[in-house]
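What follows is calculated from the coordinates using simple rules that are stated; it is not laboratory data. It should be emphasised that the depicted structure is a prediction, and the values quoted were computed from it without experimental measurement. Positions of Cβ are generated from backbone atoms using ideal geometry, with glycine treated the same way; all protein chains shown enter the neighbour counts.
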Amino acid sequence: MRACRVCGGVSLGPVIDLGPMPLVNNLLDAPGDRCPTWPLKVVFCRSCALAQLTESAPADEMFRDYRYFSSQSRTMVEHARQLVHRFVAPRHRVVEIASNDGYLLAHAIERGATVLGIDPAVNIAKHAVKRGVPTRCDYFGPATAESIRDEFGRADVMFANNVLAHVDEPHEIAAGIAALLADDGVAHVEVPSLRRLVEGCAFDTIYHEHHSYFSAIALRALFAEHGLVIADVEEIPIHGGSLHLHVARGGDETAIDRMCDAEREAGLDRDACYLDFTDRVHAARDELLRTLGGFDTVAAYGAAAKGIVLLNAFGLDRKRIGWIADVSPHKQGRFVPGTRQEVVAPERLATEMPDACLLLPWNLREEIVERQGAYLQRGGRFVVPLPEVETVVAAAVPAV
């Protein structure tokens, strides 16, 4: 790439190079299947502090047959419920961009709202419609927004959770929001925080589906280009640390200005910040490999994108990690791209009892440890890779 996706700046500095990487949500049907890779290299804009991929994989390769169903995570479903109860009222017109399987809009329907989801994944859009959530299978941008506005009306509330990073042209999403949002409407946009990514060493959230890694500085510039302001901003724990934006046609920008100042103080617009980040990723790799080397048999839990990035980046193939347990029946019986482990049902943990299990979706640690209590109680161990390597065992039973 030659220029920043948000501001067009041409002064770009290095963040990290994770080498050739497969499309991490494209599980294989057989371990010997062809598995193409694309470079996974990130740079940052010295003007607006947007971190971004240097090369993008084809969108249809990533999104038309998608295997991530949000409703299979209790954490995500509860987060969606809370968002709806905070921001949606009866008779609101609610539109969600990248609505997945309707996990959020189902709550809005219960609140008495009129809803429409937009998602490009054919299989997931069909699933949402079957559960009673009206869903249009399409990519979102200004043309789609204008069509929806003509048929559905302007949106009082919009949601765009963890989607802005997924598009090669973020201005398409911002322009679409500007075209569809009611004059007094609010778009609630959530993106993983670049600052939290760097501070938490969360390199595993870098993959081809995420074209951009947003600073508040870049977000302010993006929406301003389309006559929108960030009227409020909240830091939330989802996905290891995210920003929840209240995007509107007007409002007080004090909160976003304060956050932009804090990011500049933290060095997000300077090279030294990212050199330190790369050093910490390498140190985390060395520590994790040392820890796993102390066990004879190791499995993993969670065939999610972030985990597949970690397996590939750290060279943890099926000789070291025998198999991956995952709750999703859509993933079971398939194989991890690159490292080629089979994905199996979680019950295998308690029956086969590997010495240790690498907990790949570390951001869902509490939920997974609770679900897999039988494995821990029988003497199993979870190894949490980030933000620091930690081994989790069953809590000691107090003496009576």
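Applying the criterion of at least 3 residues that are surrounded by fewer than 20 Cβ atoms within 10 Å (Cβ to Cβ) and out of contact with any helix residue (DSSP H, G or I) (no Cβ under 9 Å at 6 or more places or on another chain) to the helices (runs of 4 or more DSSP H) found wholly in segment 234-320 leaves 254-266, 271-292. Restricting Ala113, Ala125 to those that are under 22 Å from Asp183 (Cα atoms) and without any contact (Cβ under 8 Å) to a residue 60 or more places away in the chain reduces the list to Ala113. Scanning segment 82-126 for residues that are outside any loop (DSSP other than H, G, I, E, B), touching a helix residue (DSSP H, G or I) at 6+ places or on another chain (Cβ under 6 Å) and among the charged types (D, E, K, R) yields Glu96, Asp119. The lone criterion from (1) within 18 Å of the chain's Cα centre (by Cα); (2) crowded, with 19+ Cβ neighbours inside 10 Å left unmet by Leu180 is number (1). Could you please let me know if Leu222 is outside any helix (DSSP H, G or I), crowded, with 21+ Cβ neighbours inside 10 Å and out of contact with any Gly (no Cβ under 7 Å at 6 or more places or on another chain)? Taking the combined requirement at face value, the residue does not satisfy it.
Looking across segment 154-176, the residues that are under 19 Å from the mean Cα position of the chain (by Cα), of a type in the set (A, V, I, L, M, F, W, C) and assigned to a strand (DSSP E or B) come down to Met158, Phe159, Ala160.
Looking across segment 205-245, the residues that are closer than 18 Å to Phe44 by Cβ and either without any contact (Cβ under 8 Å) to a residue 60 or more places away in the chain or among the acidic types (Asp, Glu) (or both) come down to Ala216, Leu219, Arg220, Gly241, Leu243.
Among the numbered conditions (1) at positive phi; (2) in contact with a helix residue (DSSP H, G or I) (Cβ under 9 Å, 6 or more places away or on another chain), the only one that Gly333 does not meet is (2).
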